[in-house]
Amino acid sequence: MPPETPSDAAGRLDDDDYPAYTMGRAAEMIGATPGFLRAIGEARLIAPLRSAGGHRRYSRYQLRIAARARELVDAGTPVEAACRIVILEDQLEEALRLNEELRGRSG
């Protein structure tokens, strides 16, 4: 696969799933530490992509998920429990979206 040109990469920045942020920048953006990002990765809340050099890269979607987990941890919830809560919230949101979509088709 050929490397991305700067114009290709710039066009992908609008993509919520594009892994545009380094670990340091991602941690800074959500007010957390790189260790927190590693912990929620180990808990399988998010799975950052790896650059060719092996560095973690995060998408905006992953940062929203990580920020929600950080809110819960800051409120006293253990990391593992916070991750499970965020996963369940995400699943519920998706189920509600699908339910609404199906209702729209039948009505």
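The values are calculated or read from the model by the stated rules, or taken from the named source; none is laboratory data. It should be emphasised that the depicted structure is a prediction, and the values quoted were computed from it without experimental measurement. Here the Cβ is made from the backbone with ideal geometry for all residues, glycine too, and neighbour counts use every protein chain on show. Please note that ligands, DNA and RNA were not included when accessible areas were found on the heavy atoms of the full protein model with its side chains. Shrake-Rupley method; radii C 1.70, N 1.55, O 1.52, S 1.80 Å.
Answer with yes or no whether residue 66 is in contact with a helix residue (DSSP H, G or I) (Cβ under 6 Å, 6 or more places away or on another chain), at pLDDT 95 or above and open to solvent by less than 30 Å² (accessible area, probe 1.4 Å). Taking the combined requirement at face value, the residue satisfies it.
Do we find a residue being open to solvent by 30 Å² or more (accessible area, probe 1.4 Å) and among the aromatic types (Phe, Trp, Tyr) anywhere in region 31-52? No, because not a single residue in region 31-52 is open to solvent by 30 Å² or more (accessible area, probe 1.4 Å) and among the aromatic types (Phe, Trp, Tyr).
Among the candidates 25, 44, the residue that is of a type in the set (Lys, Arg) and either within 24 Å of residue 94 (Cα to Cα) or not in a helix (DSSP H, G or I) (or both) is uniquely 44. For region 5-22, the tally of residues that are open to solvent by less than 80 Å² (accessible area, probe 1.4 Å), modelled with pLDDT of 85 or more and part of a loop (DSSP other than H, G, I, E, B) stands at 5.
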